[in-house]
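Visitor: This is the structure I have questions about; it appears just below.
FYI, it's all coordinate maths here, none of it is from the lab. Since we're looking at a predicted model, the values are computed, not measured. Because the Cβ atoms are built from the backbone with ideal geometry, glycine has one as well, and the counts that use them run over all protein chains shown.
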Amino acid sequence: MANRVYCTYFDHNYLPRGLALYHSLQRHAPGARLWVLCLSEACHRALLALDLPNLVAVRMADFEAANVDVAETRPSRSQIEYYFTCSPAWILFVLESEADAEWVTYLDSDLFFFASPDPIYEEMKDAAFGIIPHRFSRGLEDYRRFGLYNVGWVSARRRDDGIAVLRWWRERCIEWCYDRVEGDRFADQRYLDRMPELFSGVHVISHLGANLAPWNLADCRLEWNKGRVEIEQRFPLLFFHFYGIKRSGGYYFNGHRLYHAPFSNLMKDRLYKPYVTALAEAERSSAPHLQGQQTETIRMPVEANLGERLSNMLRKMRTIAYRGLDIVTGRAIAVR
């Protein structure tokens, strides 16, 4: 996997989610390198202490030293707007740092892999750049104002036409990257809408098992078949975008109601249970390295009947709505 490199960014609050992403990626793409832009010093210290194989942690200060024009936008933008401004520059930074990388793919830190991403790269075999659609469910057409495509997965190939798309995106985000819809712009995300029209090498990923999320679940038929989740009896689930999951008072909450999405037993047992378990394990492993930091704590019961307690907690998700952005690196596409 030396020719496929991945990158993401998060702070110490999002560290458990970033670690869950990392471990799921290593499970399904063994040996894949994941570069992390650490949005806080506490995050960087913790990742260095964890010393995980195939994970490269970069301090924000070092990234900014190499991207002065990006850093100069910080005073004019909110914290989240500045982080979104960094997205294309961060991908380019990693591409320039990884001499043997054919592809560098940005991943939102709240993604979680359930299978190998190989089918996506097979789709992109002739492409220079890859973007993924939101595929909003019926009734959610108004959400298109935030962009037809989601920055949860963006791939750039080490090819002149791929780098040209990335540099164009980087320049646009430096010019304007704000947390509001203004004309045909929204943060770093709506620039993706223009890419297929402006550049011939851009591929729109069509695999329905890539970036399954609360905003496209309602129109999908999911089944458990031969040990895997399948969409429309054809597409294996590759990765899920766990946008909106929160913990409060020992319970976990999702954002399904915001998108009028179902929450079936299959989703509970085959999607959310594995993810919540991974979050809890990541919390336990990272907590000793975050002494003195105020973090989003994920609590898990320690009794022998863990499965039953977890099931009860997840059942609470069915009736709780989540709105907004709770910490700095969530990819909110609607209310922030």
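Visitor: Can you sort 85, 277 so the residue with the fewest Cβ neighbours within 10 Å comes first? All intermediate terms of the calculation are to be shown ahead of the outcome.
Guide: Numbers: 85 27, 277 15.
Lowest count first: 277, 85.
Visitor: Moving on. In the chain, which cysteines lack any other cysteine Cβ under 4.7 Å from their own?
Guide: 7, 86, 220
Visitor: Are there DSSP H segments in the chain that both extend 18 Å or more along their axis (alpha-carbon positions) and score a mean Kyte-Doolittle hydropathy of at least -1.0? List them, or say none.
Guide: 15-28, 79-97, 160-175, 273-286
Visitor: What does the extension gain come out to for residue 141 and residue 27, with contour length at 0.36 nm per residue minus their alpha carbon separation? Don't skip to the end; give the middle numbers.
Guide: On the way: separation 114, 0.36 × 114 = 41.04 nm, distance 3.54 nm.
So the extension gain works out to 37.5 nm.
Visitor: Can I ask one more? If you average the alpha carbon positions of region 224-263 and of region 3-35, how far apart do those two centres end up, in angstrom?
Guide: After rounding, the separation between the Cα centres reads 19 Å.
Visitor: How would you order 222-234, 139-151, 6-18, 71-83 from highest to lowest mean count of nearby Cβ atoms within 10 Å? Walk me through the numbers before you get to the answer.
Guide: Values: 222-234: 12.8, 139-151: 17.2, 6-18: 25.7, 71-83: 15.5.
The densest-packed peptide leads the list: 6-18, 139-151, 71-83, 222-234.
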